[in-house]
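A.B. asks: Here you go, one structure.
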Amino acid sequence: MLKLLLSSVLIVLSFSVPAQTTTAKRSPVNAPERPKLVVGIVVDQMRWDYLYRYYDRYAANGGFKRMLGQGFTCENTFIPYTPTYTACGHTCVYTGSVPAIHGITGNSWWDNRKLASVYCTEDKSVKTVGSTTRAGEMSPLNMLVTNICDELRLATNFRSKVIGIAIKDRGAILPAGHSANAAYWYDSKTGNWITSTWYMNELPKWVQDFNARKLPDTYYAKGWSTLYPINTYVQSTSDKKDYEGKRFGSDQPGFPYDLNKYVGKDYGMINSTPWGNTMTVELAKAAVTNEQLGADNITDFLAVSFSSPDYIGHNFGPNSIEAEDNYLRLDKDLADLFTFLDNKVGKGQYLVFLTADHAVAHVPGFMEENKLPGRILNDGFKKEVKQLLKDKFGSDQLISSFANNQVHLNHPLIDSLRIDVKALKQWLVKYLEKQPGITRVFTFDELMTIPLPEKIRSMVANGYFPSRCGDIQLILEPGWMEGGKTGTTHGSWNPHDSHIPLVFYGWNVKPGKTNRETYMTDIAPTVAAMLRIQMPSGSVGAVIEEVAK
Ligand SMILES: [Zn+2]
């Protein structure tokens with residue numbers, strides 16, 4: 001009886017509450033209200049702490065201070081899976097989903113069905129549009145769910161326009177979704193912005209015109225010197241460090257970088273300079289103008305990803321003057337984009353979110369220099385283990401791949417040799433556990449039963465898509481990584497790789513902040529709630545109430 005009473009109270013409540021709110025202030029004619037344009041910004045490799053590490057150096061009228069001052073910032077936003085790589089991050093931001101569901105388990109992965117390495121956006125069934133190289137044989141086909149841009153298209157019967165833009169193909173394609181009008185990415189061989197026949201058969205005139213401007217050559221002629229006098233970069237190490245990569249040649253170990261030698265030649269070098277961001281903003285502005293994004297009341301979506309911070313970060317590291325200068329210049333590029341949108345779409349008429357696909361660890365050489373934990377993993381064991389497997393189990397071909405910190409076993413061969421796979425796995429776990437810098441090794445069979453901090457367990461489980469993942473997972477000690485003597489990388493569960501910025505700004509966003517833990521997976525459902533559209537098909541995130549109300 002009590003149960004019955006309670007449930008009828010609940011029914012009354014659930015009917016009466018929405019009825020009150022819907023009558024409160026919805027306009028009867030134009031409901032649901034939506035912004036004219038949504039601008040999703042992903043800064044490739046941006047650590048959360050860059051918002052504050054350089055805060056004093058950002059311009060008063062710059063992009064970051066505008067967003068932090070007038071927008072809503074979620075200060076503890078985490079990536080809820082491993083590996084924390086670019087393709088997974090862009091997909092997660094826009095799908096609200098995790099690799100275990102959307103299938104993008106790395107930038108590349110070993111595919112257990114195809115028995116081959118697969119690149120996240122490769123698609124041999126489409127052709128390059130805009131150049132003669134194969135850089136355009138790409139599509140979102142491997143992403144197995146809809147994303148927020150697809151849902152916006154569905155919600156408006158495909159009247160919304162969606163365009164994705166990034167230097168990296170995966171940074172443009174995965175955010176733009178399956179049903180996008182276009183995704184444009186940069187062909188480093190030709191210096192052209194290109195697309196694929198997934199979207200169209202010919203570049204629009206305005207993109208052809210943009211390519212004809214040969215902006216990379218203009219930027220190369222300007223070179224890269226610091227925005228402010230170099231002695232004011234007190235948040236960074238001195239300029240020339242042995243653990244920094246020499247991206248622009250061994251003859252140029254530091255600022256200022258003369259890029260004249262690349263004019264008309266190496267179009268990929270622009271990626272590793274802040275000019276890559278400037279060029280991306282220029283194309284984004286051209287897209288808004290020429291495709292009339294945000295020009296009418298049907299919401300459009302511009303998905304922009306800045307790839308250059310990742311190239312710069314990998315090479316020079318988070319404590320370099322190059323990284324600091326990149327963010328000071330990106331601040332100006334963002335300000336330029338926002339001012340343009342104010343004039344073109346109208347202040348308050350567009351909704352922006354800014355986040356990152358992953359963050360990054362400090363350079364191991366920098367950590368060693370400062371007596372901090374974090375070193376380069378000696379990966380000699382990958383060769384050694386093959387020989388040991390031959391001696392013990394009869395073949396040196398029993399491992400197919402070490403992709404994404406996982407060991408993929410060669411199951412067809414193991415079956416044909418009638419090897420006891422359980423014994424093989426146990427032996428491998430024991431062997432790998434002994435390697436310096438590897439803190440945990442376990443098979444996916446035992447993931448849910450071994451003693452492991454819940455955070456790590458759930459992040460690994462969220463990254464596990466069986467046909468695109470291995471048999472054994474390696475967890476490195478914090479700050480440890482594979483790689484050479486210079487530069488740094490990301491991919492781990494640790495906060496240095498998984499703590500990302502998340503700031504909302506513009507249409508219907510009130511200034512504020514939360515320190516509550518939020519997740520990358522919350523972004524898409526929050527945008528869906530604000531736009532009153534369906535969340536994407538693999539979404540597991542929660543609406544960030546503080547932003548959406
Ligand atoms: Zn990266």
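Every number in this text was worked out from the coordinates using simple rules, so none of it is lab data. None of the values given here were measured: they were computed from a predicted structure. Reconstructed Cβ throughout: ideal geometry from the backbone, glycine too, with neighbour counts over all protein chains shown.
A.B. asks: How far is it, in nm, from the label point at Asp209 to the one at Ile298 when both lie 7 Å from their Cα along the line to the Cβ?
C.D. replies: 2.3 nm
A.B. asks: Let me ask you something else. State the percent of C-alpha pairs, over all pairs in the chain, separated by a distance greater than 40 angstrom. Intermediate results must be reported in sequence, preceding the final value.
C.D. replies: Working: 39277 of 150426 pairs.
It works out to 26 percent of all Cα pairs.
A.B. asks: Arranged by the count of other C-beta atoms within 10 angstrom, fewest first, what order do Cys120, Cys149, Cys469 take?
C.D. replies: Working: Cys120 27, Cys149 32, Cys469 23.
So the ranking, lowest neighbour count to highest, is Cys469, Cys120, Cys149.
A.B. asks: Which entries in the list Lys124/Lys422; Lys390/Lys425; Lys222/Lys285; Lys124/Lys425 go over 26 Å, if you measure between the two C-alpha atoms of each?
C.D. replies: Values: Lys124/Lys422 37 Å; Lys390/Lys425 14 Å; Lys222/Lys285 22 Å; Lys124/Lys425 35 Å.
Beyond 26 Å between Cα atoms: Lys124/Lys422; Lys124/Lys425.
A.B. asks: Just need the relative contact order of the stretch 154-280 here, percent rounded to a whole number, with Cα pairs under 8 Å and 6+ apart. Don't jump to the answer; show the numbers that get you there.
C.D. replies: Working: 136 pairs, mean separation 29.8, N = 127.
Relative contact order comes out at 23 percent.
A.B. asks: Across the stretch 93-182, how large is the tail of the calculated P(r) beyond 18 Å, expressed as a percent of all Cα pairs? Spell out each step's value before the answer.
C.D. replies: Numbers: 1827 of 4005 pairs.
Of the Cα pairs, 46 percent sit more than 18 Å apart.
A.B. asks: Moving on. Roughly what % antiparallel, to the nearest 5, for the DSSP beta bridges in the chain? Display every interim value, and only then the final one.
C.D. replies: Details: 29 of 57 bridges.
Bridges in the chain are about 50 percent antiparallel.
A.B. asks: Separate question: Beyond 14 Å, what percent of the Cα pairs of the stretch 282-336 remain?
C.D. replies: Details: 938 of 1485 pairs.
Here the long-distance tail beyond 14 Å is 63 percent of all Cα pairs in the stretch 282-336.
A.B. asks: To make sure I understand, if each residue's beta carbon is the centre and we count other beta carbons within 10 Å, what order do Asp310, Asp331 fall in, fewest to most?
C.D. replies: Details: Asp310 27, Asp331 23.
The order, fewest Cβ neighbours first, is Asp331, Asp310.
A.B. asks: Which helices of the chain meet both criteria: a Cα extent of 20 Å or more along the helical axis and a mean Kyte-Doolittle score no lower than 0.5, with helices taken as whole DSSP H segments? Spell out each step's value before the answer.
C.D. replies: Details: long enough: 2-25 (36 Å, 1.17); 275-290 (22 Å, 0.11); 321-344 (34 Å, -0.55).
For the chain, where a helix must reach 20 Å along its axis and average at least 0.5, the hits are 2-25.
A.B. asks: Any idea what the relative contact order of the chain is, in percent, if you count C-alpha pairs under 8 Å spaced at least 6 apart?
C.D. replies: On the way: 1144 pairs, mean separation 158.7, N = 549.
Contact order relative to length: 29 percent.
A.B. asks: Please list log₁₀ I(q)/I(0) at q = 0.12, 0.19, 0.21 Å⁻¹ for the stretch 168-237, using the Debye equation with identical point scatterers on the alpha-carbon positions.
C.D. replies: Cα-only, vacuum Debye calculation for the stretch 168-237: -0.50, -0.83, -0.91.
A.B. asks: For Thr521, Thr289, Thr105, what's the fewest-to-most ordering of other Cβ within 10 Å of each Cβ? Spell out each step's value before the answer.
C.D. replies: Values: Thr521 26, Thr289 13, Thr105 33.
By the 10 Å Cβ count, ascending, the order reads Thr289, Thr521, Thr105.
A.B. asks: Let me ask something else. Working out 0.36 nm times the residue gap between Glu545 and Asp266, then minus their Cα-Cα distance, what length gain in nm do you get to one decimal?
C.D. replies: Extra length available between Glu545 and Asp266 comes to 95.7 nm.
A.B. asks: Using only the alpha carbon atoms of the stretch 275-434, find the Kirkwood hydrodynamic radius as the inverse mean reciprocal pair distance, in angstroms to one decimal.
C.D. replies: 20.6 Å
A.B. asks: What do you get when you divide the Cα radius of gyration of the stretch 125-229 by 2.2 N^0.38 Å, with N the number of residues?
C.D. replies: Numbers: Rg = 15.6 Å, N = 105, 2.2 N^0.38 = 12.9 Å.
Normalised Cα radius of gyration, the stretch 125-229: 1.21.
A.B. asks: Mind checking the stretch 203-255 for trypsin sites (Lys or Arg not before Pro) that DSSP puts in a loop (not H, G, I, E or B) and that have at most 12 other Cβ atoms within 10 Å? Before the final figure, lay out the partial values.
C.D. replies: Numbers: sites: Lys205, Arg213, Lys214, Lys222, Lys240, Lys241, Lys246, Arg247; in loops: Arg213, Lys214, Lys240, Lys241, Lys246, Arg247.
Within the stretch 203-255, the qualifying trypsin sites (Lys or Arg not before Pro) (loop, at most 12 other Cβ atoms within 10 Å) are Arg213, Lys240.
A.B. asks: Another question about this same structure. Would you list, by chain and number, the aspartates and glutamates whose Cα falls below 19 Å from the Cα of Lys510, excluding same-chain residues fewer than 8 positions away?
C.D. replies: Hits, sequence-local ones excluded: Glu33, Glu75, Asp342, Asp522, Glu545, Glu546.
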